[in-house]
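The values are calculated or read from the model by the stated rules, or taken from the named source; none is laboratory data. Just so it is clear, the model here is predicted, and its values are computed rather than measured. Cβ placement follows ideal geometry from the backbone for every residue including glycine, while neighbour counts extend to all protein chains displayed. For the accessible areas, the whole protein counts, side chains as well, though only heavy atoms, and no ligand, DNA or RNA atoms are used. Shrake-Rupley method; radii C 1.70, N 1.55, O 1.52, S 1.80 Å.
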Amino acid sequence: MASGFSKVKLEERLPLLLRIPFDSSTKYVASFHKTIDEIKLYVSGAPEVLLELSELSKDERREAKDILANLTGRGLRVVCCGVKTIPQEKLKGKSTQQRDKFLKAQISTLQFIGFIALKDPIRKGVKEAIETAKIAGIKTIIVTGDHVLTARAVAKEVGLLAGSDNVLEGKHLDALQDKELANLLPRISVFARVEPAHKLRIIEAWQSYGAVIAMTGDGVNDAPALKRADIGLALGSGTDVAKDSADLVLLGDKFSIIPAAIREGRVILDNIRKIITYMVSGSFTETILIGTALLVGAPFLPITALQILWINHVEGTLPSIALTTEKAEKDVMTRRPPKHNSTLLTGEMR
């Protein structure tokens, strides 16, 4: 309605005959609408797919690809549109099943209409948050279904490496063996035009590398990858399917929440270790004192059970509570992340 068009009124004039929903394998959505004596086919989707399905001369195709490169190179998300007219008489005598099969086969030799370019601006603070994560030893990777040039432009804008050696498309990913992919992983920062199966493969490849993977997503197609990742992070504005598959739900859709949460987690872990060290050291002295008394055959214990309870519950509890509120160490976000199989007890604690 914002542009003066009513979907309800349009569908009254052009009744919907068949709709083909978007699929990550076909990369387009199509709808067939009935007129008095014709069927109108409207298709929109990935530009590279629809350009191949459109009837264009060599010069027109080259011009369209130049325009596409210009739009995607500016970081715009681009959707291509096409149309086709089908004589209604070709549907005569066909059952509903035969009709639908025939109509689906008509998605070719389209009339190219043009591109729709959408600007999805980078949120404020994303570049700084990615840099903070990098200092903390966390590698940020873009995995998107967008055009490769759009993905590269966004990567450059947020400070990620986006050279030809740092970007991999889904179609090229399919051609790689697992060993070849593992060798490429360290230098790839952008995966473009990926499908849900690609996301799973990328996660599994990094996990085989020994990395801990946090995956963010908001759509139904992200659900398998969110479940497979070590930590699935669904966006608060995402679908219920994504939220149910994730381990955590970000109430805000800001990337800056992630490094902030990592910082808070490291502070909590540090404080837990401080409390354990304090409690164990106190208990150890009590154990040594009582054990020595028993070994030397002392006629009585140096401390009574009531005194032990007093030390543990009164003298030990209050300092432990105070340790939970300890401020962050200076190196909390500059130290390397712990290994996947690291234990709670560290060498310093032992």
Q. Are there any pairs, at least 6 apart or on different chains, whose C-beta atoms fall under 7 Å, with the first in segment 277-296 and part of a helix (DSSP H, G or I) and the second open to solvent by 70 Å² or more (accessible area, probe 1.4 Å), and if so, which?
A. Ile290/Leu301; Ala293/Leu301
Q. Does Asp100 satisfy the condition of being out of contact with any helix residue (DSSP H, G or I) (no Cβ under 8 Å at 6 or more places or on another chain), open to solvent by 50 Å² or more (accessible area, probe 1.4 Å) and in contact (Cβ under 8 Å) with a residue 40 or more places away in the chain?
A. no
Q.
Condition (residue is in contact (Cβ under 8 Å) with a residue 24 or more places away in the chain, surrounded by 10 or more Cβ atoms within 10 Å (Cβ to Cβ), within 27 Å of Leu160 (Cα to Cα) and touching an Asp or Glu at 6+ places or on another chain (Cβ under 6 Å)) applied to segment 106-113: is it met by at least one residue?
A. no
Q | Lone unmet requirement of (1) under 21 Å from the mean Cα position of the chain (by Cα); (2) within 21 Å of Leu50 (Cβ to Cβ) for Glu131 | A | (2)
Q: Name the helices (runs of 4 or more DSSP H) wholly inside segment 158-249 in which the number of residues that are touching a strand residue (DSSP E or B) at 6+ places or on another chain (Cβ under 8 Å) and modelled with pLDDT under 90 is 2 or more.
A: none
Q | Residues of segment 310-336 satisfying the condition of being open to solvent by less than 60 Å² (accessible area, probe 1.4 Å) and under 16 Å from Asn271 (Cα atoms) | A | Gly316, Thr317, Pro319, Ser320, Ala322, Leu323, Ala328, Val332, Met333
Q. Can you name every residue in segment 55-87 that is part of a strand (DSSP E or B) and of a type in the set (A, V, I, L, M)?
A. Val78, Val79, Val83, Ile86
Q: Go over the candidates Thr285, Thr239 one by one and state the one that is surrounded by fewer than 16 Cβ atoms within 10 Å (Cβ to Cβ), farther than 24 Å from Lys327 by Cα and hydroxyl-bearing (Ser, Thr, Tyr).
A: Thr285
